[in-house]
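Participant: First the structure, then my questions, so here it is.
The values are calculated or read from the model by the stated rules, or taken from the named source; none is laboratory data. All of these numbers come straight from a predicted model, not from anything done at the bench. Here the Cβ is made from the backbone with ideal geometry for all residues, glycine too, and neighbour counts use every protein chain on show.
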Amino acid sequence: MPAVAVPAPIAMPSDPRAEFVEGNVMTCAQLGLEGSIRLGGSHDEPGADAYVSVTTREQRFVDVAITSAGVSAGVVIDAVVVKGGDGFNLYTNPAVLPPALLPPQDYVSPLVGAGNIAQISHWFVCYHFDALPTGSLLVDKDVIPPPGLPVDALPISFSVLVTCDAPGFVPVVLTFGRAGGVALSADSVLIEDLPVGTTCTIEEQDTDGFPAGTVVSFSPDSTVQIGDTEGVEVVVTNDFSGIAILQGSLTITKVVESTLPPAEIPAEFVVEYACLDGVEGSVTLPETGGTSAPIVTTAGTYCAIAEATASLPPGWTVIYQSGDQTSTTDLIVHVFDTPVTVTVTNTSPSPPPSPSPSPTDPGAPELAESGGETSVAWGGVVGAALLFGCGIALARVGTQTRERRRS
């Protein structure tokens, strides 16, 4: 299929406090923050662990707070990422991060199209805290979201079993929220007072309930040994990027409003579409209007719709409408798992006025109307002629009379 002229909607900067970055990012390590703990969520889901709490507003704004336990632990926020469309805003300036800037901070996703703030596709916070004391074990959770809306719901919490071979050690079950990070309970974040040389094993619980395609991994490993310097950290990653995601659909409805003769209406109209997930193409609809077959996309993507300019004669106008969105140039719509319809209305120019009757040939004689001024004029001419004739006759009579008197 040839490339369409309408471009897929691209993300643009929306906040001067942030660094706008095109593309996608999923982990703190991709930002160069390998040692940071990641707390993250999808769409407008809030998230929290024992040290950091994140809330969202209006599906576009994110606020971050350090809990009192986090303050005591020396938490420092390294970065906040808010992704929307095909780009993300990256906040790393300490002046706009807590504790320097307290909520509400209004961290926001990028623009998609002019003035349209994209809905959040995912967000995450990278943070660190004071060095781990010797003889301690920190287990934290990294939850990588799917690239769309999942077919199967993700767990709302996770459990990890920690067993160590130290004498008298009682196995510990750590509970994490859906956003990951450290444990939910501040008392469980660190397992302390482990003798040097202790071997600990970390095991994810209830993995049978994870959606198919989930990958669970441990870094550096699921079994670690406690050293004689600082404590040990194990990151348990639940990667959901490979699970099944929902599909969405987009239909295009054509409405033609015209008072022109049928022969002057285009036989067909071409509407193009291009989506962030790579779906693009065009639909051709007849002059009578109609609705296209469903266009299948990834649920959560953005699509741009525009009429192919070559299909419109001069003077025709176009209006795009979907829900409460209206535009006269093009339209960007957010496609979810429920069908989305875009109506494209074409209105023809007004037909030219009917031609006026041609004027009378100036060389032709002008006919008088009965009883009009021309009839009166002709009557006056005739009357004058009669008077002139009577005058000549009277003159002749007078001449003859004078001649008889002389004789």
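Participant: So which residues in segment 332-354 are surrounded by 15 or more Cβ atoms within 10 Å (Cβ to Cβ), closer than 15 Å to residue 250 by Cα and out of contact with any Cys (no Cβ under 9 Å at 6 or more places or on another chain)?
Facilitator: If the condition is that a residue be surrounded by 15 or more Cβ atoms within 10 Å (Cβ to Cβ), closer than 15 Å to residue 250 by Cα and out of contact with any Cys (no Cβ under 9 Å at 6 or more places or on another chain), then 336, 337, 341, 343, 344 are the ones that fit.
Participant: Quick check on segment 128-137. Is at least one of its residues buried (at least 22 other Cβ atoms within 10 Å of the Cβ), small (Gly, Ala, Ser) and at negative phi?
Facilitator: no
Participant: List the pairs whose first member sits in segment 253-269 and is assigned by TED's automatic domain parsing to the domain that holds residue 314 and of a type in the set (Phe, Trp, Tyr), whose second member is part of a strand (DSSP E or B) and surrounded by 10 or more Cβ atoms within 10 Å (Cβ to Cβ), and whose Cβ atoms are under 6 Å apart, counting only residues at least 6 apart or on separate chains?
Facilitator: 269/254; 269/285
Participant: Do we find a residue being touching a Cys at 6+ places or on another chain (Cβ under 8 Å) and within 22 Å of residue 275 (Cα to Cα) anywhere in segment 28-48?
Facilitator: no
Participant: Report, by residue number, each residue of segment 300-334 that is more than 22 Å from residue 258 (Cα to Cα) and either outside any strand (DSSP E or B) or in contact with a His (Cβ under 7 Å, 6 or more places away or on another chain) (or both).
Facilitator: Hits for segment 300-334 are 300, 301, 302, 323, 324.
Participant: Okay, moving on. Does residue 351 satisfy being in a loop (DSSP other than H, G, I, E, B), closer than 27 Å to residue 267 by Cβ and free of Cβ contacts under 8 Å to residues at least 40 places away in the same chain?
Facilitator: So residue 351 fails the test.
Participant: Looking at segment 145-159 only, could you name the residues that are of a type in the set (A, V, I, L, M, F, W, C) and either more than 40 Å from the chain's Cα centre (by Cα) or surrounded by fewer than 21 Cβ atoms within 10 Å (Cβ to Cβ) (or both)?
Facilitator: 149, 151, 153, 154, 156
Participant: Say whether the condition of being in a strand (DSSP E or B), of a type in the set (Asp, Glu) and under 23 Å from residue 117 (Cβ atoms) is met by at least one residue in segment 58-67.
Facilitator: yes
Participant: Hey, another quick one. From the list 108, 139, exactly one residue is assigned by TED's automatic domain parsing to the domain that holds residue 189 and under 29 Å from residue 69 (Cα atoms). Which is it?
Facilitator: Going through 108, 139 in turn, the sole match is 139.
Participant: So which residues in segment 14-41 are more than 12 Å from residue 125 (Cα to Cα) and in a strand (DSSP E or B)?
Facilitator: Residues satisfying the conditions are 19, 20, 21, 22.
Participant: How many residues are more than 15 Å from residue 51 (Cβ to Cβ), surrounded by fewer than 21 Cβ atoms within 10 Å (Cβ to Cβ) and in contact (Cβ under 8 Å) with a residue 24 or more places away in the chain when one looks only at segment 170-191?
Facilitator: 2
Participant: The conditions are (1) over 30 Å from residue 276 (Cβ atoms); (2) touching a residue at least 40 places away in the same chain (Cβ under 8 Å); (3) touching a Phe, Trp or Tyr at 6+ places or on another chain (Cβ under 7 Å), and residue 194 fails exactly one of them. Which is it?
Facilitator: Of (1) over 30 Å from residue 276 (Cβ atoms); (2) touching a residue at least 40 places away in the same chain (Cβ under 8 Å); (3) touching a Phe, Trp or Tyr at 6+ places or on another chain (Cβ under 7 Å), only one is false for residue 194: (3).
Participant: Could you list all residues from segment 195-211 that are hydroxyl-bearing (Ser, Thr, Tyr) and within 12 Å of residue 225 (Cβ to Cβ)?
Facilitator: The answer is 198, 199, 201.
Participant: Among the residues of segment 280-299, are any assigned to a loop (DSSP other than H, G, I, E, B) and either assigned by TED's automatic domain parsing to the domain that holds residue 178 or in contact (Cβ under 8 Å) with a residue 60 or more places away in the chain (or both)?
Facilitator: Yes, segment 280-299 contains at least one residue that is assigned to a loop (DSSP other than H, G, I, E, B) and either assigned by TED's automatic domain parsing to the domain that holds residue 178 or in contact (Cβ under 8 Å) with a residue 60 or more places away in the chain (or both).
Participant: Would you pick out the residues in segment 191-210 that are in contact with a strand residue (DSSP E or B) (Cβ under 7 Å, 6 or more places away or on another chain) and either hydroxyl-bearing (Ser, Thr, Tyr) or closer than 19 Å to residue 169 by Cβ (or both)?
Facilitator: 191, 194, 197, 198, 199, 200, 201, 202, 203, 205, 207
Participant: Within segment 254-292, how many residues turn out to be small (Gly, Ala, Ser), more than 22 Å from the chain's Cα centre (by Cα) and under 13 Å from residue 341 (Cβ atoms)?
Facilitator: So the count comes out to 1.
Participant: Can you name the residue in segment 296-348 that is among the polar types (S, T, N, Q) and touching an Asp or Glu at 6+ places or on another chain (Cβ under 8 Å) and is also nearest to residue 265 (Cα to Cα) among such residues?
Facilitator: 348
Participant: May I ask you to list the residues in segment 110-142 that are touching an Asp or Glu at 6+ places or on another chain (Cβ under 9 Å), of a type in the set (S, T, N, Q) and either within 30 Å of residue 9 (Cα to Cα) or in a strand (DSSP E or B) (or both)?
Facilitator: Correct list: 119 only.
Participant: Inspect all residues belonging to segment 244-256 and state whether any of them is loosely packed, with under 13 Cβ neighbours inside 10 Å and either of a type in the set (A, V, I, L, M, F, W, C) or out of contact with any helix residue (DSSP H, G or I) (no Cβ under 7 Å at 6 or more places or on another chain) (or both).
Facilitator: The answer is no; no qualifying residue exists.
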